[in-house]
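Notes follow once the structure below has been shown.
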Amino acid sequence: MASFLPLHTAISTLVHDGDTVALEGFTHLIPFAAGHEIIRQGRRDLTLIRMTPDLIYDQMIGSGCARKLVFSWGGNPGVGSLYRLRDAVEHDWPNPLEIEEHSHAAMANAYAAGAAGIPSAFFRGYRGTALPEVNAHIRFVACPFTGEPLACVPAHRPDVAIIHAQRADRQGNVLLEGIVGVQKEAVLAARRSLVTVEEVADELDARSPNAIVLPSWTVTAIAVVPGGAHPSYAHGYYSRDNAFYVAWDEIARERESFAGWMREHVLEQGPEVFGERAGLRR
Amino acid sequence: MNHTATEMMTIAAARALCNNDVCFVGIGLPSAACNLARATHAPGLTLIYESGTIEAKPAVLPLSIGDGELCETALTTVSVPEMFRYWLQGGRITLGFLGGAQVDRYGNLNSTVIGDYRKPKVRLPGAGGATEIAMCCGRIFITMRHNPRAMVEKLDFLTTLGHGPTGRERRELGITTAGPVLLVTDLCTMQPDPETNEFVVTALHPGVTRDAVRENTGWRVRFADALGETAPPSAGELEALRELNNRTARAHGGTAA
């Protein structure tokens, strides 16, 4: 059964230096509050897995949390570069960052294989490209029935998956709706999991019997953090703060402006500021 | 009505989309062209974004691939593994629409690095969905701004297979989808030579000279024998595009930071 914990306790219990961690959420429901707590607690040498590193991994990489990044698209969507990610790859700042680079299809298949408990994933992809030359984890196998060459990648099996969801009920069952990305697969693939939620309710109130529900016994811990996905969004609660994504370009471009922003808005704050940032009434 | 080169590029790309296409849409220019087509000659165009939204009908252009607008207007939203496995790999998408930092004469794309992979001069975002979009969609359109840094003799990295480094590899690998069939820039449209798969200029946009295209292309660019001129934007096309852009600016600017 999932334990309800304060975010600080959840991170200190579940995330250790050197862990392989996946904070997922495909544009929607990105667990920013949990990422900020990892930064505040000074975790180091993490292997970070995420399809689209987004601002949250830019912040974690720039803060020195990561040793390695496993990803498929590292940009600021619709805006441009992730300058902290680039600084780490191009200039080893604040520390060298090993990268393991995939395509979206490979990452999605690797999570699904992890959730399915099999060691690797097969799909039609990567042929004729240079990606297998720079990533030893991309191999090809012949289909035993047709001979078709299929791309093969190892399953993702993170130590910890961290996601944000709309709500949990009092038993710790979790509901997510909208663009649901790879979060269900990430949680089921991981050894431990943390879900931050907008609220705890008596009933999940799923709109359909086919909604994505993670039963309490698949989740290690739940932390209630209203607004915890800001500047990403929570469908039905608040919208994506596109203006902040645009503003990040300037903030993250230089090391000094980044450090100043992180000090003021992350290091000297706690998870309670997220509700106001997301424009929720307190 | 006067128009900009970017408007011409978006409109030329939009015109190439068919009402019955099922289109896998990238953010930026492809998304603008697809939504312009939907607002003009192709109201039935089916838009699929990799975030899982099927039959999205956004009223404003999304900033990201997963804006709420896409989910709220979609017929249905599926998980990302399902999108890539059943819908893209399953062969349900007729058309993929891609950009990149570099393209070569055979429609191969680089969106990974400028310079050496291990010590890059510029680290670009990476493959995203492009690698398998190019492999699994029925055919591929590419849009790029036309300059010698983008239209290159040799890619720094081959992220996404077009017709292959010599134009033959795609066929030799036995990949049965068509690959890149159209390249629209802010200067011209290009199509592959049926024999060699080399992209040749098939139409110049209004006011653009052959020399301008030569100067802005990193390889010795060739022109089709029957070189055409792109029809200038109609008043209706320009109005629809500007209205879409204005609505988008209002929607994104209005979000509190």
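The values are calculated or read from the model by the stated rules, or taken from the named source; none is laboratory data. Everything quoted here is computed from the prediction, not taken from an experiment. Because the Cβ atoms are built from the backbone with ideal geometry, glycine has one as well, and the counts that use them run over all protein chains shown.
Points to keep in mind about this one:
- Residue in region A:137-156 that is in a strand (DSSP E or B), among the β-branched types (Val, Ile, Thr) and touching a residue at least 40 places away in the same chain (Cβ under 8 Å) present: yes
- One residue alone among A:GLU203, A:GLU133 is out of contact with any Gly (no Cβ under 7 Å at 6 or more places or on another chain), surrounded by fewer than 17 Cβ atoms within 10 Å (Cβ to Cβ) and outside any loop (DSSP other than H, G, I, E, B), and that residue is A:GLU133.
- Residue list for region A:101-130, restricted to those being surrounded by fewer than 18 Cβ atoms within 10 Å (Cβ to Cβ) and outside any loop (DSSP other than H, G, I, E, B): A:ALA116, A:SER120, A:PHE122
- Qualifying residue in region A:237-251 (condition: modelled with pLDDT of 95 or more and more than 14 Å from every other protein chain (Cβ to nearest Cβ)): no
- Among the candidates A:TYR126, A:TYR111, the residue that is within 13 Å of chain B (Cβ to nearest Cβ), aromatic (Phe, Trp, Tyr) and on the phi > 0 side of the Ramachandran plot is uniquely A:TYR126.
- Matching residues in region B:50-70 - criterion: being more than 9 Å from chain A (Cβ to nearest Cβ) and under 19 Å from the mean Cα position of the chain (by Cα): B:ILE54, B:GLU55, B:ALA56, B:LYS57, B:PRO58, B:VAL60
- Tally, over region B:94-109, of residues that are surrounded by 21 or more Cβ atoms within 10 Å (Cβ to Cβ), more than 9 Å from every other protein chain (Cβ to nearest Cβ) and either over 28 Å from B:ASP193 (Cβ atoms) or touching a Gly at 6+ places or on another chain (Cβ under 9 Å) (or both): 11
- Answer from A:ALA155, A:ALA165 - the residue that is buried (at least 17 other Cβ atoms within 10 Å of the Cβ) and more than 22 Å from A:PHE274 (Cβ to Cβ): A:ALA155
- Every residue from region B:112-163 that is surrounded by fewer than 21 Cβ atoms within 10 Å (Cβ to Cβ), facing another protein chain (nearest Cβ under 10 Å) and either in contact with a His (Cβ under 8 Å, 6 or more places away or on another chain) or in a loop (DSSP other than H, G, I, E, B) (or both): B:TYR117, B:ARG118, B:LYS119, B:ASP156
- Per-region count, region B:22-34, residues over 11 Å from the mean Cα position of the chain (by Cα) and crowded, with 22+ Cβ neighbours inside 10 Å: 0
- So A:ALA105, is it touching a helix residue (DSSP H, G or I) at 6+ places or on another chain (Cβ under 6 Å), closer than 18 Å to A:THR20 by Cβ, modelled with pLDDT of 95 or more and at the interface with chain B (Cβ under 9 Å from one of its Cβ atoms): no
- Per-region count, region A:75-93, residues within 22 Å of A:GLY18 (Cβ to Cβ), in contact with a helix residue (DSSP H, G or I) (Cβ under 7 Å, 6 or more places away or on another chain) and in a loop (DSSP other than H, G, I, E, B): 1
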